[in-house]
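The values are calculated or read from the model by the stated rules, or taken from the named source; none is laboratory data. Everything quoted here is computed from the prediction, not taken from an experiment. In this analysis, Cβ positions are derived from the backbone assuming ideal geometry, glycine residues included, and neighbour counts consider all displayed protein chains.
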Amino acid sequence: MSEQDTPPGEIIVHLDVLLARRKIRSKELAEQVGVSEQALSMIKTGKIKGIRFSTLIALCDALECQPGELFEFRRSGQ
C-alpha cells in the first residue's frame, strides 16, 4: 500500500461499552436488531467493511443511542 492509499485514520467501535452500560447481552441485542450473533461480533470487533443504515438504525433504537456513541473516527497518529 502506497502512502496515497493509506487511510487517514480508523473507526473505533464502542459497541462493547454500550452493551455493558445497558447490561444487554450480545445474543439479546442480535435478536432485537435482527442480525446473527456472528454478524454482531464482526461489528463489535470492527471486522466489517460497511454497515447498512437499517442495521445502524436498529442498533441505535435498541441501545437508545446516537451513531456517534457507537463509532468514533480517530486520525492516524493520534
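Laid out as a table, the results:
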item	result
Residues being part of a loop (DSSP other than H, G, I, E, B) and farther than 15 Å from E72 by Cα - total across the range 10-46	6
Subset of the range 13-50 (residues that are modelled with pLDDT under 95 and of a type in the set (A, V, I, L, M))	I48
Residue match in the range 11-29 (condition: surrounded by fewer than 10 Cβ atoms within 10 Å (Cβ to Cβ) and polar (S, T, N, Q))	no
Any hit, the range 20-37, residues being hydrophobic (A, V, I, L, M, F, W, C) and under 11 Å from the mean Cα position of the chain (by Cα)	no
Residues satisfying the stated conditions in the range 51-77, i.e. surrounded by 15 or more Cβ atoms within 10 Å (Cβ to Cβ), in a helix (DSSP H, G or I) and among the aromatic types (F, W, Y)	none
Among (1) touching a strand residue (DSSP E or B) at 6+ places or on another chain (Cβ under 9 Å); (2) without any contact (Cβ under 8 Å) to a residue 40 or more places away in the chain, the one test that D61 misses	(1)
